[in-house]
Amino acid sequence: MRFDSIQQLSAWLADTDIAVLELSGPGVSLRLHQGDDPGAIEAEQRVAPAATPVRPQGLTVRAPSVGVFLAAHPLQATPLASPGTRIRAGEPIGLMQIGALLLPVHAPQNAIVRAVRAAPGTPVGFGTPLFELDPL
């Protein structure tokens with residue numbers, strides 16, 4: 001936060017009966033405290049240390065509905081995604097069969113398929129884990 005912004009906030013605070021004003025955002029927080037003397041405002045600004053880069057965790061793709069999980073289209077022998085397959089966000093990686101209806105299960109982001117958690121042809125419930133992905 002810029003110094004002139006803090007001065008402006010302090011002036012506004014002095015014109016009110018508010019004792020404490022706290023603002024925070026990503027990596028920074030500002031606390032303005034007005035004591036007994038309205039003209040004396042203390043400012044404290046903290047900047048958080050830089051975040052340590054975090055390695056993306058595995059991602060579980062879950063069944064979007066109740067149905068029968070299919071790894072491949074019924075007219076195809078090749079699975080849409082198998083372990084080791086590189087997939088793109090939005091790409092169909094499996095199917096949910098609900099009666100005669102086939103609903104695609106889409107990849108939520110670019111990733112590599114780590115494992116297929118449901119056996120093809122298995123009835124699954126909403127939220128059942130279908131795939132484990134390693135985000136790219």
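For this structure, a couple of remarks:
- Selection within the stretch 82-115 - under 20 Å from F126 (Cα atoms), touching a residue at least 24 places away in the same chain (Cβ under 8 Å) and among the hydrophobic types (A, V, I, L, M, F, W, C): I93, L95, M96, I98, L102, L103, V105, A107, A115
- So A72, is it modelled with pLDDT of 70 or more, surrounded by 14 or more Cβ atoms within 10 Å (Cβ to Cβ) and under 18 Å from A118 (Cβ atoms): yes
- Residue count for the stretch 5-61 under the criterion of being within 30 Å of A111 (Cβ to Cβ), surrounded by 11 or more Cβ atoms within 10 Å (Cβ to Cβ) and at pLDDT 70 or above: the result is 4.
- Restricting attention to the stretch 75-93 and to residues that are in a loop (DSSP other than H, G, I, E, B) and of a type in the set (A, V, I, L, M), the residue that is farthest from A115 (Cα to Cα) turns out to be L75.
The values are calculated or read from the model by the stated rules, or taken from the named source; none is laboratory data. As the structure is a computational prediction, the values presented were derived from the model and not from experiment. Neighbour counts run over all protein chains shown; Cβ positions are idealised from the backbone, glycine included.
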